[in-house]
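Visitor: What follows is a structure written as structure tokens; I'll ask about it next.
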Amino acid sequence: EVLKIPNMECVSIFFKNEEDCEKCRRELVKDESIMVAKGWHCNIEVFSKTAGKASAVKILSEKLGIKIEDVISIGDSDNDMLAVKCAGLGISVSNGTHELKEVADEVGCSNDEHIARYVLNKYFK
């Protein structure tokens, strides 16, 4: 219901424990009109299907005149999943969520090891 509020794109929900968080996430993913992403500890994010990072990546690539297959998207959590999947090359950091690593084209180094430097050195030499 909250996502029906005009201009509402994302709701972040925090729980006191992982069990309650996971129980709520399992219920919410049944609704195909929304996207549900596990955040970090005891947190889920609920998005409109038209909102989120994937939409931003697509809009930005169009505005810049870059084909989506030429875009590299890097993520570390489930809320990055659609952006990683829509890009020509989707990269998960090694300390990202298991689910994100499953959909990514590649798993790079961790956030702490400078993932941007990793991508620049590997793809732009």
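The values are calculated or read from the model by the stated rules, or taken from the named source; none is laboratory data. Remember, predicted model here, so these are calculated numbers, not experimental data. Ideal geometry is used to build each Cβ from the backbone, glycine not excepted, and the neighbour counts take in all protein chains shown. Calculation scope for accessible area: heavy atoms of the full protein, side chains included, ligands and nucleic acids excluded. Shrake-Rupley method; radii C 1.70, N 1.55, O 1.52, S 1.80 Å.
Visitor: In the stretch 48-74, what count of residues is obtained for those that are under 12 Å from the mean Cα position of the chain (by Cα), of a type outside the set (A, V, I, L, M, F, W, C) and within 27 Å of Ile5 (Cβ to Cβ)?
Guide: So the answer is 3.
Visitor: Right, another one. So, of the residues in the stretch 1-14 that are under 17 Å from Asn79 (Cα atoms) and out of contact with any Phe, Trp or Tyr (no Cβ under 7 Å at 6 or more places or on another chain), which turns out to be most open to solvent (accessible area, probe 1.4 Å)?
Guide: Here the residue is Phe14.
Visitor: Can you tell me how many residues in the stretch 65-119 are free of Cβ contacts under 8 Å to residues at least 12 places away in the same chain and touching a Gly at 6+ places or on another chain (Cβ under 8 Å)?
Guide: The number of residues fulfilling the criteria is 1.
Visitor: With of a type in the set (A, V, I, L, M, F, W, C), surrounded by 13 or more Cβ atoms within 10 Å (Cβ to Cβ) and either touching a His at 6+ places or on another chain (Cβ under 8 Å) or at pLDDT 85 or above (or both) as the only criterion, which of Leu82, Leu64, Leu60 stands out?
Guide: Leu82
Visitor: Sort out which residues of the stretch 23-35 are open to solvent by 50 Å² or more (accessible area, probe 1.4 Å), farther than 17 Å from Thr50 by Cα and either touching a strand residue (DSSP E or B) at 6+ places or on another chain (Cβ under 7 Å) or part of a helix (DSSP H, G or I) (or both), and write them in order of number.
Guide: Matches in the stretch 23-35: Lys23, Arg25, Arg26, Glu27.
Visitor: Which is closer than 23 Å to Cys10 by Cα, hydroxyl-bearing (Ser, Thr, Tyr), in contact with a Cys (Cβ under 9 Å, 6 or more places away or on another chain) and modelled with pLDDT under 90, of Ser73, Ser48, Ser33?
Guide: Within the list Ser73, Ser48, Ser33, the selection yields Ser48.
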